[in-house]
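The structure under discussion appears below in the form of structure tokens.
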Amino acid sequence: MAEAERRMERPLSPHISIYSWQINMLMSIVHRITGAALYLGTLLLAAWLVAVASGETSFALVNALFAHPIGQLVLFGYTWALLQHLLGGLRHLLWDTGRGLHIWQVNALSWLTVLAAIALTLAVWAIGLHLRGVL
């Protein structure tokens, strides 16, 4: 019985519910999610390239799917995921050099990554829509 009581007194390992959420924790999770999303988005890009090579009918079908509002939303999300993952990778590259490791710098870089990814996504889409004559 004493053995069982000793096991119960031992502290539990830290769990995510114990920690208060920080921006760098969230960015780590978002970096992993965007990396997985890029796999799926790259399949869409490959499908589009196969459709281009397959002929006019296939190309028209894929373009119609991407032109649908849901397709546009998926493409917008893919653009954001690509830019978010890219900027997160650059942030990690900076950290690998030993720079930006003070907690205020980590937090500032994390917020900068979020804001820059949103701004760049909007800029890419604004330029693309402008070139197509929509804006």
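Relative to the longest principal axis of the Cα atoms of the chain, helix 69-96 runs at roughly 50 degrees.
Relative to the longest principal axis of the Cα atoms of the chain, the long axis of helix 56-67 makes an angle of roughly 50 degrees.
For the chain, what's the relative contact order in percent, using C-alpha pairs closer than 8 Å and at least 6 residues apart?
Numbers: 61 pairs, mean separation 35.7, N = 135.
Relative contact order here is 26 percent.
Take each of the peptides 33-43, 96-106, 72-82, 54-64, average the number of other beta-carbon atoms within 10 Å over its residues, and list them starting from the highest. If you can, show how the numbers build up before the last one.
Working: 33-43: 14.3, 96-106: 10.4, 72-82: 16.5, 54-64: 12.3.
By packing density, highest mean first, the sequence is 72-82, 33-43, 54-64, 96-106.
Values in this text are rule-based calculations from the coordinates and carry no lab data. Everything numeric in this text was worked out from a predicted model, so none of it was measured. Glycine also receives a Cβ, built like all others from the backbone with ideal geometry; neighbour counts cover every protein chain displayed.
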